[in-house]
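Have a look at the structure below, then the notes.
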Amino acid sequence: MNDNSKSTLVIGAGVIGTAIAHDLQKRGRQVVLIDRDAPGQGASFGNMASIAVTEFMPASRPAIWRQMPGWMLDPEGPVRVRPSYMPRLIPWFARFLAASRPKKLRELEAHGAALCKRALADTQTLMTELGIASDLTETGCLSLYQNEAEYRADREHIEILDRFGFAHEVLGHNALHDLEPEISAKIGMAVLFPDNRSLRDPYAYVCRLAESFEGQGGRLLQARVSGFELAERIKGVRLEDGRVLEADQVVLCAGAFTARLARMLDEPIPLETERGYHTQIMAPGTSLRHSVIWPARAFMVTPTAGGIRIGGTVEMAGLDAPPDYRRAKVTVRRAREALPNLQVEQATEWMGHRPAFPDTVPLMSASAKVRGIFYATGHGHLGLTNAATTARLMGQLIAGERPDLDLRPYSIERF
């Protein structure tokens, strides 16, 4: 039953939480959006600005996990686990391996594809509503391959896209360099993903969402959550300063920090942080029309935020360990192999937390324990990609409507 008089607290003002708060406020809810920081200051600030609709493949594919022991031993490998954190990851990795069974992989691919099939259209609709449609580029993303061997090593990815009908085009050497002359001549071919668009500034996108949310009567609150008030259902949220905010519904979408909130409810979830790094270069000495990825070198380059942003790789070290900015320097060094004219001038480095479940599928669900609690987290590398879609689906779920997509595959009960 749809009761628009209900009050809703949304915890987490990244792109997912801000988009959900915006959707609920449009529905006539009385919404408070809570975060310890201003909107968009977490992972949403430093993501790679990509609506990456082709990147939904489960990370638990055998082609990936078979290489992980070697990667973990290599301090510059695509995946790095800090040795001191390894014991805490054992249960997570056990679930990760369980998600690699062939039948399970096919299911997980379908669940990821179902979201990404909608992602670009939903993002375009939301950005048009916000008046910033032009902030989404018209050009796609290029996946680079030095030679045929590298391309064949990535064929599993291409075959999955074929199976689900995602657009892509194989480009030879000349066609690639006609599109992007700055790319090194040693790159022999590429695949163009035309629907993998980029945002001109992902942080500005979150700020615009928050501005629109407030303009419709929503309330932003910068505060830390310390607990919950419960009876037969959720009654409110306790803040560290002693206040209690009453609520009929609470949405937990604080990215990788959502696991700590779930533990306060005695409802643990297997959520980890895949720490990501970027280098933002404001005077790169080169230009790109497309974003580019080089799978064999595990980096991405996106023209965004007034310059060029370079990121990639995964570090598993928890929420509290200090950053290791050597990870950012590795990706810059690799990017210069593809972009020989790249200059690293006026550069800043950043680290953020991607929320990751071992099966690579997000959690979009009502709580299994507490009435009135909802979860929206675990989007991994696809938070920006799936934010608009998640907001629409969660808005429908919370409002008591039938969501456009069957949300059972994304339920907390799968854990």
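The values are calculated or read from the model by the stated rules, or taken from the named source; none is laboratory data. Predicted, not measured: the structure shown is a model, and the values here were computed from it. All Cβ positions, even for glycine, are placed from backbone atoms using ideal geometry, and neighbour counts span all protein chains on display. Note: accessible area is taken over every heavy atom of the protein model, side chains too, but ligands, DNA and RNA are not part of it. Shrake-Rupley method; radii C 1.70, N 1.55, O 1.52, S 1.80 Å.
Quick look at the values:
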quantity: Calculated [θ] (222 nm, deg cm²/dmol) that DSSP helices of n ≥ 4 give over the chain, each run adding -39,500 (n - 2.57); calculated: -10000 deg cm²/dmol
quantity: Within the chain, percent of DSSP bridges classed antiparallel, to nearest 5; calculated: 70
quantity: Globularity index of region 306-395, i.e. its alpha-carbon radius of gyration over 2.2 N^0.38 Å; calculated: 1.44
quantity: Protein accessible area in the chain, 1.4 Å probe - carbon and sulfur %; calculated: 51
quantity: 9 Å beta-carbon shell around Thr139, net charge (K/R +1, D/E -1); calculated: +1
quantity: Descending principal axes extents, region 67-216, alpha-carbon based, whole Å; calculated: 48, 45, 33
quantity: Positive minus negative residues near Ala387 (Lys, Arg vs Asp, Glu; Cβ under 13 Å); calculated: +1
quantity: Restricting region 291-374 to chymotrypsin sites (Phe, Trp or Tyr not before Pro) in coil, as DSSP defines it, with at most 16 other Cβ within 10 Å; calculated: Tyr325
quantity: Cβ-defined net charge surrounding His290, 13 Å radius [Lys, Arg +1; Asp, Glu -1]; calculated: -4
quantity: Gap separating the Cα centres of region 205-273 and region 326-399, nearest whole Å; calculated: 18
quantity: Per-pair calculated FRET efficiency, R0 = 45 Å: Ala368 and Thr348 via Cβ, rounded to 0.05; calculated: 0.60
quantity: Heavy-atom accessible area per residue - region 1-100, 1.4 Å, Å²; calculated: 42
quantity: Calculated on alpha-carbon atoms, Rg and Dmax of the chain in Å; calculated: 20.8, 66
quantity: Accessible area expressed per residue, region 170-213, with surrounding protein chains retained (probe 1.4 Å, Å²); calculated: 38
quantity: Spacing of the two label points (7 Å from each Cα toward its C-beta) at Lys103 and Arg82, in nm; calculated: 4.0
quantity: For region 248-396: relative contact order, % (alpha-carbon pairs under 8 angstrom, 6 or more apart); calculated: 31
quantity: Range in the chain, longest, excluding exposed GluC sites (Glu not before Pro) [loop by DSSP; at most 16 other beta-carbon atoms within 10 Å]; calculated: 241-400
quantity: Unsatisfied cross-links (Cα-Cα over 32 Å) in the set Lys104/Lys369; Lys104/Lys186; Lys117/Lys329; calculated: Lys104/Lys186; Lys117/Lys329
quantity: Accessible area (Å², per residue) of region 258-394, counting only protein heavy atoms and a probe of 1.4 Å; calculated: 33
